[in-house]
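The structure appears right after this line, and notes come after that.
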Amino acid sequence: MANHVIKATKMMIDEMRQHYASYITDHLPTGALFVAKLAGCTITAYRSGKVLFQGKEAEREAARWTNESVKESVPVQQPHWTAVSAIGSDEVGTGDYFGPIVVVAAYVAKENIETIKNMGVKDSKLLTDEAIRRLAPSLMKAIPYCSVVLSNPTYNEWQASGMPQTKMKALLHNEAIRKLVQQLAPLEPEAILIDQFIERDLYFRYLEGEKEVICERVYCYPKAETIHVAVAAASMIARYVFLNEMEQLSKQVGMELPKGAGEQVDQVAAKLMETHGLSVLDTCAKLHFANTDKARRIAHI
């Protein structure tokens, strides 16, 4: 079994914990902060700052973080993109136990960039849900966009088949971008910027075999919302759609579903199982998260 070790900062380990939230297990070796088990790779982060990658995909998964650490310290060498007509694409819901994954592609023409910025558009993670609900409807009327929602039953089906979440996101981003490109035609964006969740080469590798893959002028960058306001707009609309989906799911199961993947989530999942049985979680949750087992223990199921 291949092993690969990297030295990570506390900030990077925190980013890893968030990135791998859906794969984290309860069993920790001595000195470990978290253990995440992916298909083909197990990641163990230690208090010492060392992160161990084990498995056939160890080198590739480790390279994702070593490459990102370099990119974080070097300014993106595409400053002219801030003033071009571009599509931005971003996703939400990947680290939430309850709710779907939502991907949105949004287009901002260069002549509208300042107008959109003046609307208060920024990365959704920097805004409260209340602010998102207030700002997003006007934004959605002002720019072209397309959203794709991966429901929980379909997510669970794909995950059970062995599909990694990164491939799911690649498929969803391509679909949202494809639909928006089709909607904009014959107009063509000067750039298509994806908020990076994986290296560009692996992104396209995941899309091999798909009927329609948007390849031209597609770039993946970390913190892409700082490069072009279209990515920030996409993140805000995606969050708005996700919040609405969560409302509908809450009504469907008769209980308010919390966001995230913390202890409160475990308690609500346990109550759902006690009320409706284990099968209810397939309709509203990502079953492979560690929260499922925690909730079962709470509910004694």
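The values are calculated or read from the model by the stated rules, or taken from the named source; none is laboratory data. Treat the numbers as computed from the prediction; the structure is a model and nothing was measured. When we count neighbours, we look across all protein chains shown, and the Cβ atoms used for this are built from the backbone with ideal geometry, even at glycine.
Given the criterion in contact with a helix residue (DSSP H, G or I) (Cβ under 9 Å, 6 or more places away or on another chain), in contact (Cβ under 8 Å) with a residue 12 or more places away in the chain and not in a strand (DSSP E or B), identify the matching residue among Leu171, Leu193. Steps first, answer last, please.
Values: Leu193 fails: not in a strand (DSSP E or B).
Criteria check complete, one pass: Leu171.
Among the residues of the range 214-228, the one identified as touching a Leu at 6+ places or on another chain (Cβ under 7 Å) and either over 24 Å from Asp123 (Cα atoms) or assigned to a helix (DSSP H, G or I) (or both) is Ala224. Within the range 196-213, the set of residues being in a helix (DSSP H, G or I), touching a strand residue (DSSP E or B) at 6+ places or on another chain (Cβ under 9 Å) and of a type in the set (Phe, Trp, Tyr) comprises Tyr203, Phe204. Among the residues making up the range 230-254, those that are aliphatic (A, V, I, L, M) and over 18 Å from the mean Cα position of the chain (by Cα) are Leu249, Val253.
Considering only residues that are surrounded by fewer than 19 Cβ atoms within 10 Å (Cβ to Cβ) and modelled with pLDDT of 95 or more, which ones fall in the range 89-109?
Residue satisfying the conditions is Ala109 alone.
Taking the numbered list (1) touching a Lys or Arg at 6+ places or on another chain (Cβ under 6 Å); (2) surrounded by 17 or more Cβ atoms within 10 Å (Cβ to Cβ); (3) farther than 19 Å from Asp96 by Cα in turn, Asp266 passes all entries but (3). Contact annotation: residue pairs with Cβ atoms under 7 Å, 6 or more positions apart or on different chains, pairing a residue in the range 16-45 that is over 15 Å from Ala290 (Cα atoms) with a partner that is of a type in the set (Gly, Ala, Ser) and part of a helix (DSSP H, G or I), are Cys41/Ala58. Annotation note: of Glu216, Glu245, the sole residue that is at pLDDT below 95 and acidic (Asp, Glu) is Glu216. Exactly one residue among Val231, Val241 is touching a Leu at 6+ places or on another chain (Cβ under 7 Å), under 13 Å from Tyr145 (Cα atoms) and touching a residue at least 24 places away in the same chain (Cβ under 8 Å), and that residue is Val231.
If you scan the range 199-247, which residues turn out to be within 18 Å of Lys110 (Cα to Cα) and among the polar types (S, T, N, Q)? Across the range 199-247, the qualifying residue is only Thr226. Please go through the range 148-166 and pick out each residue that is without any contact (Cβ under 8 Å) to a residue 40 or more places away in the chain and within 23 Å of Gln252 (Cα to Cα). Selection gives Thr154, Glu157, Trp158.
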